[in-house]
Amino acid sequence: MRQHLLHFLLVDRSYPKGLIAVEKSLKVGTLDKRFDLLVYDREHHPILLAECKAPEIPLDQLVFDQAARYNRTLQVPYLLITNGLETKLCRVDPDLQVLVPLPDLPGHSEL
């Protein structure tokens, strides 16, 4: 799934290759974790965190919770989860502390 998403970001959405990190380590509390994809803006601030699951894994609250845990460290404004069959994207509203669903993934310059 990760490679499909990466291809989509690079080819279909024209995200700059140099601003995408793939499978990097991340410290969540005392635990070492790995995110799937992290997109940066032109100033190299993280702006989109993507978590990829296998097709048989439903995109339920547990998957959102995992992405949200990672985001406590990263503080990105956009979260994306996908299993290849379904993709969910949301914007993090820091004032209301909620995730706001978005209908489609914007281009890199719009994030």
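The values are calculated or read from the model by the stated rules, or taken from the named source; none is laboratory data. This one's a predicted model, so the numbers in the text were calculated from it and none came from an experiment. With ideal geometry, Cβ positions are generated from the backbone for all residues, glycine too; neighbour counts draw on all protein chains shown. Surface accessibility is based on the protein's heavy atoms, side chains included, excluding ligands, DNA and RNA. Shrake-Rupley method; radii C 1.70, N 1.55, O 1.52, S 1.80 Å.
Can you tell me which of (1) surrounded by 17 or more Cβ atoms within 10 Å (Cβ to Cβ); (2) under 19 Å from R2 (Cβ atoms) is the one R34 doesn't meet? So the condition that R34 fails would be (1).
Among the candidates K17, K27, the residue that is over 19 Å from S109 (Cα atoms) and open to solvent by 30 Å² or more (accessible area, probe 1.4 Å) is uniquely K27. Scanning the stretch 57-104 for residues that are within 12 Å of the chain's Cα centre (by Cα) and either assigned to a loop (DSSP other than H, G, I, E, B) or closer than 17 Å to F8 by Cα (or both) yields Q75, V76, P77, Y78, L79, L80, I81, T82, T87, K88, L89. What about R34, is it within 13 Å of H108 (Cβ to Cβ) and not β-branched (V, I, T)? Answer is no for this residue.
For L85, the test of being crowded, with 16+ Cβ neighbours inside 10 Å and at pLDDT 90 or above is failed.
Cβ separations smaller than 6 Å between residues 6+ apart or across chains give the following pairs from the stretch 62-87 residues that are closer than 16 Å to R34 by Cα to residues that are of a type in the set (V, I, T) and buried (at least 20 other Cβ atoms within 10 Å of the Cβ): V63/I81; A67/I81. Among the residues of this structure, F8 does not count as one that is open to solvent by less than 70 Å² (accessible area, probe 1.4 Å) and modelled with pLDDT under 90.
Tell me whether the stretch 95-103 contains one or more residues that are under 17 Å from R2 (Cβ atoms), touching a strand residue (DSSP E or B) at 6+ places or on another chain (Cβ under 8 Å) and surrounded by 11 or more Cβ atoms within 10 Å (Cβ to Cβ). No; the residues of the stretch 95-103 include none that is under 17 Å from R2 (Cβ atoms), touching a strand residue (DSSP E or B) at 6+ places or on another chain (Cβ under 8 Å) and surrounded by 11 or more Cβ atoms within 10 Å (Cβ to Cβ). Only a single item in (1) more than 14 Å from I20 (Cα to Cα); (2) open to solvent by 20 Å² or more (accessible area, probe 1.4 Å); (3) in contact with a Leu (Cβ under 8 Å, 6 or more places away or on another chain) is not met by Y70, and it is number (2).
L37 meets each of the listed conditions (1) in contact (Cβ under 8 Å) with a residue 12 or more places away in the chain; (2) not in a strand (DSSP E or B) apart from (2).
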